[in-house]
Amino acid sequence: MSDERHFGFKKAQIENFLKEEFKKKFKGSAKISLRKRQKFIGEVTHKIAKRFGKDVLVLIDFSKNGFCTVVSPAQTESTEKGKLTKSFSHPQVFYTSHCVDRFSERTQSLENCVITLDAFFNEALSTYGENEGFLTCPDGVFAYELIEDRLIVKTYINFDLLSDDQIKQFYGSGMISMLPREYTTEDVFGADFILADEHDELLGKPGD
């Protein structure tokens, strides 16, 4: 109940903050262009994330003078691993505050961070079992731990920070479809490496 009251108070603060920002930015009832809407959303979501937290999703209705709906994760709790934030998409998945902060910094995803985290994590779940304690998506690697009936995501390491050995470990031949887009090419003869079972096809020879 205390969490619900806290969120109710936070929600009211965000709504009041947004109304003030909307009044400052837009005067009168003229139609607001798409470009101005996008710019305003970018500015206020960044401010809201900084002031109220990266786990907040704000939906703005421009036809109602900035009326908004505020959504936050259903559950956060304090544990020995710090504050855990519940995933929007997966009831048994929790992100540590360290993971949220690192993901935000390394992907420059400052607003609606948990929504973006879930999108990356959805892709990574398909690699469960490939590397114990790690899940891989095209943009980076999640470190996780299974504790009772929960999957605790401890941190996120983006692709650019991985060493050559780690890239081989997490993106080996079995994980080739997970390589970032910039590592692929439409012209196969411009590739630095190809899969062994594709070699004969490229040379016009039948495989064994």
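The values are calculated or read from the model by the stated rules, or taken from the named source; none is laboratory data. Not measured: the values here are computed from a predicted model. Reconstructed Cβ throughout: ideal geometry from the backbone, glycine too, with neighbour counts over all protein chains shown.
Suppose we filter Ser89, Ser63, Ser78, Ser109 for residues that are under 30 Å from Asp164 (Cβ atoms) and either among the polar types (S, T, N, Q) or in a helix (DSSP H, G or I) (or both); which single one remains?
On the way: Ser89 fails: under 30 Å from Asp164 (Cβ atoms); Ser63 fails: under 30 Å from Asp164 (Cβ atoms); Ser78 fails: under 30 Å from Asp164 (Cβ atoms).
Of the residues listed, the single one that is under 30 Å from Asp164 (Cβ atoms) and either among the polar types (S, T, N, Q) or in a helix (DSSP H, G or I) (or both) is Ser109.
Based on what the data block shows, is Cys113 closer than 19 Å to Ala49 by Cβ and crowded, with 16+ Cβ neighbours inside 10 Å?
Against the criterion (closer than 19 Å to Ala49 by Cβ and crowded, with 16+ Cβ neighbours inside 10 Å), Cys113 qualifies.
Quick grid of which residues meet (1) at pLDDT below 85; (2) in the same structural domain as Phe103 (by TED's automatic domain parsing); (3) out of contact with any His (no Cβ under 7 Å at 6 or more places or on another chain):
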{"site": "Glu132", "(1), (2), (3)": "no, yes, yes"}
{"site": "Cys137", "(1), (2), (3)": "no, yes, yes"}
{"site": "Tyr156", "(1), (2), (3)": "no, yes, yes"}
{"site": "Asp160", "(1), (2), (3)": "no, yes, yes"}
{"site": "Asp164", "(1), (2), (3)": "no, yes, yes"}
{"site": "Tyr171", "(1), (2), (3)": "yes, yes, yes"}
{"site": "Glu182", "(1), (2), (3)": "yes, no, yes"}
{"site": "Thr185", "(1), (2), (3)": "yes, no, yes"}
{"site": "Phe189", "(1), (2), (3)": "yes, no, yes"}
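Looking at Phe7, Phe17, Phe22, Phe103, can you tell me which residue is modelled with pLDDT under 75 and in a helix (DSSP H, G or I)?
Phe7
Could you say which residue among Leu151, Leu146 is in contact (Cβ under 8 Å) with a residue 24 or more places away in the chain and either outside any helix (DSSP H, G or I) or of a type in the set (Ser, Thr, Tyr) (or both)?
Leu151
So, in region 83-97, exactly how many residues are in contact with a Ser or Thr (Cβ under 8 Å, 6 or more places away or on another chain) and either surrounded by 16 or more Cβ atoms within 10 Å (Cβ to Cβ) or modelled with pLDDT under 80 (or both)?
So the first thing to find is which residues in region 83-97 are in contact with a Ser or Thr (Cβ under 8 Å, 6 or more places away or on another chain), and the list is 83-86, 93-97.
From what's left, either surrounded by 16 or more Cβ atoms within 10 Å (Cβ to Cβ) or modelled with pLDDT under 80 (or both): 84-86, 93-97.
The number of residues fulfilling the criteria is 8.
When you go through Glu123, Glu145 one by one, which is the residue that is of a type in the set (Asp, Glu), within 23 Å of Gly82 (Cβ to Cβ) and surrounded by fewer than 16 Cβ atoms within 10 Å (Cβ to Cβ)?
Every option except Glu145 fails the conditions.
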